[in-house]
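Take a look at the structure below.
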Amino acid sequence: MRVLGIESSCDETGVAVFDVEAGLLGHCVHSQIDLHATYGGVVPELASRDHIRRLPALVRQVLAESGCSLAQIDAIAYTAGPGLAGALLVGASYAEALGMSLGVPVLPVHHLEGHLLSPLLSADPPEFPFVALLVSGGHTQLMQVTGVGEYVLLGESLDDAAGEAFDKTAKLIGLGYPGGPQLARLAERGHPGRFRLPRPMLKSGDLDFSFSGLKTAVLNVVSGPEWKPEDAADLAADFQDAAVDVLCAKALKALELTGLSRLVVAGGVGANRQLRQRLDVATRRKGWRVYYPEPELCTDNGAMIAFAGARRLAAGEVPGMACAVKVHPRW
Ligand code: KG4
Ligand code: ZN
């Protein structure tokens, strides 16, 4: 069975073909970074229009790379939410229309389920059950995962997501869009510890997070009388240290509380080098193991959506054949 996956929830158009026996046959992502950079963030209308422009050519390209024709596609999976309504609608209408014309089932997939299952696409995938730390631009969640579709929310951010905090902090210290990776790069040149930023909810006793206070603490530093732009690298390092401290501590606590020994880290912030190093060391010490998606599958992509769709079909989900273009921006 071959599943065509389509991702268009935000500023990346992703397309992939996943074969249940042969694995990932091909995938391609078009990033809209250049399109939005001038505005310092994603402009939803521009994002939707660009998805429309890119999707047909990307589908043709991925099919060619996969050595597969449209007639050999058995199902289509697309991101139905959460995300930007207009951007999601592009992927949803494209997928539903293509599915109807081919007479194949079409599956709406939850974007976070895509991220959460993405480490299973790697050469050395984790077995169920595991704890998943989902750290993206829109979400920060800890989940107990016992199988496909079997997810228990253990804790989540009560305000900003971790990626959002990276992006907003990057903006505060004068970095461009997309801020998270730029802040992480700048932090590598800095020395943490000078600004004594808080570790929100570190000792809250639960598995929830809060990042907006950390961002406000950065705002107070950069609007204070002693702020010098040449200290930006040290401030970036301090911020990253504080965010990573909390993410690590809560992820380890989740493993302890559930009695599980496998941790999966997924979502854009999962690409953060310091987070990975800290989690690797801390889990090794305890005899636990941490799994990440392949680096190119950390951020948004069609492969994780095709894969989640394929796993859902394999688990017996029966998608409706009626064409219904429905998206769930706040799913
Ligand atoms: O999963 P993703 O591609 O999209 C969403 O579903 O949100 O995650 C994007 C987020 C952005 O906030 C971006 O700044 C952040 O992931 N990000 C990073 C790094 N790479 C991407 N944050 C920290 N360090 C990184 N290296
Ligand atoms: Zn994402």
**Message:** Below 8 Å, C-alpha to C-alpha, sequence gap of six or more: please give me the relative contact order for the stretch 61-188 in percent.
**Reply:** 14
**Asked** Stokes-Einstein D for the stretch 256-331 at 20 °C, 1.002 mPa s, Kirkwood Rh over Cα pairs, in µm²/s?
**Response** 139
**Complete:** the chain, Kirkwood Rh and Cα Rg, ratio Rg/Rh at 0.99
**Request:** In whole Hz, with x marking every Gly and Pro, tabulate ³J(HN,Hα) for the stretch 140-150 from phi via Karplus 6.51 cos²θ - 1.76 cosθ + 1.60, θ = phi - 60°.
**Result:** 9, 9, 10, 10, 9, 10, 9, x, 5, x, 10
**Fill in**
Restricting to Cα pairs under 8 Å and 6 or more apart, the percent relative contact order of the chain works out to 25
**Fill in**
For K286, counting only lysines whose alpha-carbon sits under 27 Å away and dropping same-chain residues fewer than eight positions off, the answer is K203, K250, K253
**Message:** Through the Karplus equation 6.51 cos²θ - 1.76 cosθ + 1.60, θ set to phi - 60°, convert the phi angles of the stretch 305-316 into ³J(HN,Hα) values in whole Hz; use x for Gly and Pro.
**Reply:** 6, 4, 5, 4, x, 5, 5, 5, 4, 5, 7, x
**Request:** DSSP loop (so not H, G, I, E, B), at most 15 other Cβ within 10 Å: list which chymotrypsin sites (Phe, Trp or Tyr not before Pro) in the stretch 1-90 pass both filters.
**Result:** Y39
**Message:** Please list D231, D208, D167 from largest to smallest accessible area, probe radius 1.4 Å, with all protein chains kept in place.
**Reply:** D167, D208, D231
**Asked** Extension gain E65-R289, at 0.36 nm per residue separation less the Cα-Cα distance, in nm?
**Response** 77.2 nm
**Request:** Distance between Cα centroids, the stretch 277-331 to the stretch 148-163: provide it in whole Å.
**Result:** 14
**Request:** Please find the FRET efficiency linking K171 to R273, where r is the Cβ-Cβ separation and R0 is fixed at 25 Å, and quote it to the nearest 0.05.
**Result:** 0.75
**Extension gain (nm, one decimal) between E150 and A123, 0.36 nm per residue minus Cα-Cα** = 7.4 nm
**Asked** Quick one: Karplus J couplings for the stretch 13-20, per residue in order, coefficients 6.51, -1.76, 1.60, θ = phi - 60°, nearest Hz, x for Gly and Pro?
**Response** 9, x, 9, 7, 10, 10, 10, 4
**Fill in**
With N residues in the stretch 1-160, Rg(alpha-carbon) / (2.2 N^0.38 Å) equals 1.07
**Asked** Could you give the angle, 0 to 90 degrees to the nearest 10, between helix 162-172's Cα long axis and the longest principal axis of the Cα atoms of the chain?
**Response** 60
**Request:** Order the following by accessible area, largest value first: I33, I6. Probe radius 1.4 Å; ligands, DNA and RNA are ignored.
**Result:** I33, I6
**Prompt:** Setting aside same-chain residues fewer than 8 positions from K228, which lysines have a Cα under 29 Å from its Cα?
**Reply:** K168, K171, K215
**Asked** When the chain is treated as a GNM, springs tying every alpha-carbon pair under 10 Å, which of A170, A187, A315 comes out with the largest mean-square fluctuation?
**Response** A315
**Asked** If you keep only loop residues by DSSP, which GluC sites (Glu not before Pro) in the stretch 153-232 have at most 14 other Cβ atoms within 10 Å of their Cβ?
**Response** E188, E226
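The values are calculated or read from the model by the stated rules, or taken from the named source; none is laboratory data. Quick caveat: nothing in here was measured; it's all calculated off a predicted structure. Cβ coordinates were reconstructed from backbone atoms using ideal geometry, including for glycine residues, and neighbour counts include every protein chain displayed. We work out accessible area using only protein heavy atoms, side chains counted, and drop any ligands, DNA or RNA first. Shrake-Rupley method; radii C 1.70, N 1.55, O 1.52, S 1.80 Å.
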